[in-house]
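Below is one structure, written out as structure tokens; comments come after it.
The values are calculated or read from the model by the stated rules, or taken from the named source; none is laboratory data. Everything quoted here is computed from the prediction, not taken from an experiment. So basically every Cβ, Gly included, is an ideal-geometry build from the backbone, and we count neighbours across all protein chains shown.
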């Protein structure tokens with residue numbers, strides 16, 4: 001096993017040396033290393049995450065190169081000083097999940113965290129689910145087993161929370177029924193009359209089987225993209241409002257009569273990436289994907305319609321690259337970024353090494369990473 005820590009002092013900008021190509025285009029966006037705010041635990045990839053109450057982000061489990069996956073869970077808490085500057089610190093919750101796992105999903109609903117599915121790194125693929133109560137941190141009651149996800153066990157699924165409701169879609173399963181999955185499930189939170197919660201099969205899944213995809217939420221829609229299936233990288237791009245899926249332009253160059261996608265090529269296609277949303281310096285929230293098995297960063301402008309006619313948007317713009325890094329995490333804290341934007345902390349992951357560094361993306365800032373040769 002290899003591990004590495006990016007040694008950075010303070011909130012310092014550092015130079016990247018991870019990109020190829022000869023393009024002279026100056027890309028917008030700046031990546032800032034957080035130094036002493038790096039992830040508090042050991043280096044890892046494919047951890048499950050969730051955020052509770054907008055100020056506490058949790059990182060659970062993951063893979064750090066050993067056959068047995070991690071069980072520990074760390075929490076990062078963000079705050080602002082008297083000048084509105086955000087800072088954060090990490091603490092070991094000492095609340096290890098009962099069964100270690102990697103490539104699981106995590107989400108939060110009603111002040112509780114939930115982690116489930118995943119893989120033990122060997123032969124066991126899981127469909128169990130656990131509820132985490134932050135008010136019971138440090139006790140044997142912090143984790144509680146709840147209703148398992150119906151259907152086949154899986155890993156590399158995608159979870160998202162839309163309008164206060166959590167969903168899981170896709171993933172991959174091993175064994176005799178090894179396959180990529182397409183189903184969609186809605187979570188029923190535990191209640192006094194239903195202490196274990198449950199799951200409802202949504203009979204309107206995405207159009208393609210896929211695993212290792214990302215999702216981000218903007219204005220009441222979840223946007224699902226990237227990932228792979230038996231045919232390779234998935235280029236289909238869709239959004240979901242809780243009732244219907246709407247097709248969007250594929251995330252690769254495909255129509256020689258339109259110039260909006262001339263720069264796409266195959267550069268948006270990827271697996272094991274991170275996705276998030278931010279406003280940047282504007283007023284319209286936008287989506288972002290970065291990392292995974294490639295290093296480019298892309299910004300998505302949502303569509304604007306007049307009736308059924310697309311007026312603007314549904315396009316991707318390339319931003320300054322990050323790193324090629326599989327299984328990193330992204331934790332989003334609304335209102336804790338600059339100008340009241342989301343603060344998004346991106347960290348850990350694996351690409352030859354297992355990492356424990358942490359980064360912040362400034363989407364509209366001048367590129368100071370000496371990364372002008374992005375291809």
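Just wondering, is there one or more residues in region 327-342 that are part of a loop (DSSP other than H, G, I, E, B), over 30 Å from residue 104 (Cβ atoms) and touching a strand residue (DSSP E or B) at 6+ places or on another chain (Cβ under 7 Å)?
There is no residue in region 327-342 that is part of a loop (DSSP other than H, G, I, E, B), over 30 Å from residue 104 (Cβ atoms) and touching a strand residue (DSSP E or B) at 6+ places or on another chain (Cβ under 7 Å).
For residue 267, indicate whether it is closer than 14 Å to residue 171 by Cα and assigned to a loop (DSSP other than H, G, I, E, B).
Taking the combined requirement at face value, the residue does not satisfy it.
Does region 300-331 hold any residues that are within 18 Å of residue 220 (Cα to Cα) and surrounded by 22 or more Cβ atoms within 10 Å (Cβ to Cβ), and which are they?
Answer for region 300-331, where residues must be within 18 Å of residue 220 (Cα to Cα) and surrounded by 22 or more Cβ atoms within 10 Å (Cβ to Cβ): just 300.
Please enumerate the residues belonging to region 31-40 that are surrounded by fewer than 19 Cβ atoms within 10 Å (Cβ to Cβ) and either out of contact with any strand residue (DSSP E or B) (no Cβ under 8 Å at 6 or more places or on another chain) or in contact (Cβ under 8 Å) with a residue 60 or more places away in the chain (or both).
Answer for region 31-40, where residues must be surrounded by fewer than 19 Cβ atoms within 10 Å (Cβ to Cβ) and either out of contact with any strand residue (DSSP E or B) (no Cβ under 8 Å at 6 or more places or on another chain) or in contact (Cβ under 8 Å) with a residue 60 or more places away in the chain (or both): 32, 36.
Looking at region 253-285 only, could you name the residues that are surrounded by 17 or more Cβ atoms within 10 Å (Cβ to Cβ) and over 20 Å from the mean Cα position of the chain (by Cα)?
Residues satisfying the conditions are 253, 261, 264.
How many of the residues in region 240-252 are touching a residue at least 24 places away in the same chain (Cβ under 8 Å), within 22 Å of residue 274 (Cβ to Cβ) and either under 19 Å from the mean Cα position of the chain (by Cα) or assigned to a loop (DSSP other than H, G, I, E, B) (or both)?
3
Kindly list, by first and then second residue, each pair from a residue in region 65-93 that is at positive phi and surrounded by fewer than 19 Cβ atoms within 10 Å (Cβ to Cβ) to a residue that is part of a strand (DSSP E or B) and modelled with pLDDT under 95, limited to pairs with Cβ atoms under 9 Å and residues at least 6 apart or on different chains.
So the pair list comes out as 65/3.
Which one of these is touching a helix residue (DSSP H, G or I) at 6+ places or on another chain (Cβ under 9 Å) and buried (at least 17 other Cβ atoms within 10 Å of the Cβ): 113, 197?
113
Looking at residue 119 and the list (1) over 20 Å from residue 276 (Cα atoms); (2) surrounded by fewer than 22 Cβ atoms within 10 Å (Cβ to Cβ), which single condition is not satisfied?
Unmet condition: (2).
For the structure I just gave you, tell me whether residue 366 is touching a strand residue (DSSP E or B) at 6+ places or on another chain (Cβ under 7 Å), surrounded by fewer than 20 Cβ atoms within 10 Å (Cβ to Cβ) and under 23 Å from residue 246 (Cβ atoms).
In short, no.
Only one of 294, 290 is modelled with pLDDT of 90 or more and out of contact with any strand residue (DSSP E or B) (no Cβ under 9 Å at 6 or more places or on another chain); which?
Answer to the selection: 294.
Of all residues in region 97-116, which are within 12 Å of residue 61 (Cα to Cα) and either in contact (Cβ under 8 Å) with a residue 40 or more places away in the chain or in a strand (DSSP E or B) (or both)?
97, 98, 101, 102, 103, 104, 105, 106, 115, 116
Testing residue 321 on (1) without any contact (Cβ under 8 Å) to a residue 40 or more places away in the chain; (2) over 24 Å from residue 89 (Cα atoms), one condition comes back false. Which one is that?
(1)
Collect the residues in region 212-238 that are assigned to a strand (DSSP E or B), on the phi < 0 side of the Ramachandran plot and without any contact (Cβ under 8 Å) to a residue 60 or more places away in the chain, keeping them in residue-number order.
Across region 212-238, the qualifying residues are 228, 229, 233, 237, 238.
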